[in-house]
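Heads up, the thing below is written out as structure tokens.
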Amino acid sequence: MSGGYESSSLAQDDVVRLLATYTHIGTTNVDHQMEQYIYARRADGTHIINLKQTWEKLLLAARAIAAVENPADVVTEASYANVPIIAFTNSDSPLKLIDIAIPCNNKAAQAVGLMWWLLAREVLILRGKVSRDGPFLIENTEIMPDLYFFRDPAEIEKEQAAEEFEAGQQEAITTEVPLDFTAAPDIKDWAAEANADNWNGQPAGQEWGQAPAVNQW
């Protein structure tokens, strides 16, 4: 759906993001309707999704969403107004009742988060709220793909507790003991002490001829 226009083609930065989050990695199984979106198969049997097909179907889904004026009505109108059903599909996903299948790795949290980020950005670009030439900005705030990544709150608390513990240990190690340089040291006169000792004095003599004292047992 890029229509061959360079402005709508897949940018190099987006390719790097897709590869970094393993969006192109499928499963070892493939549905017969998903074979058209498979680029190759690795030696271990894992199917590689064609990212060009992913991008084209993403643009198609963005146009379908942007055509609805009120975003809150997208799910409601889908039940009776013949609005296309959009889904992120892996290599083994069945396409029954799905109108627009976006091939991607829907089993990795970062890959799914990145796909939501790309889809939201493209919808806003089509509505003229975001420029394709610049960063993804909303109210002068850059929206990063990390905001779309799901993280377990329990894991976040564990990481924060570990960081606080390490910071406390590091602070205890690097605590410096203050030194008082104003106190005068106790200086001793080693020469006076040496002169006070009488080295010329004769030691007490001992009578070697005297018989030793005998203990009375």
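The values are calculated or read from the model by the stated rules, or taken from the named source; none is laboratory data. Keep in mind that what you see is a predicted model, and the values were worked out from it rather than measured. Virtual Cβ from ideal backbone geometry, glycine too; neighbours counted across all protein chains shown.
Those strands (runs of 3 or more DSSP E) of the range 1-119 in which 1 or more residues are at pLDDT 90 or above and more than 26 Å from MET144 (Cα to Cα) occupy 38-41, 47-49. For the range 129-151, the criterion of being in a loop (DSSP other than H, G, I, E, B), at pLDDT 80 or above and under 27 Å from ASN50 (Cβ atoms) is satisfied by at least one residue.
Filtered by the rule that a residue be under 14 Å from PHE88 (Cβ atoms) and touching a helix residue (DSSP H, G or I) at 6+ places or on another chain (Cβ under 8 Å), the range 58-67 gives LEU58, ALA61, ALA62, ILE65. Checked against (1) among the charged types (D, E, K, R); (2) within 17 Å of PRO84 (Cβ to Cβ); (3) free of Cβ contacts under 8 Å to residues at least 60 places away in the same chain, ARG41 meets all criteria but (2).
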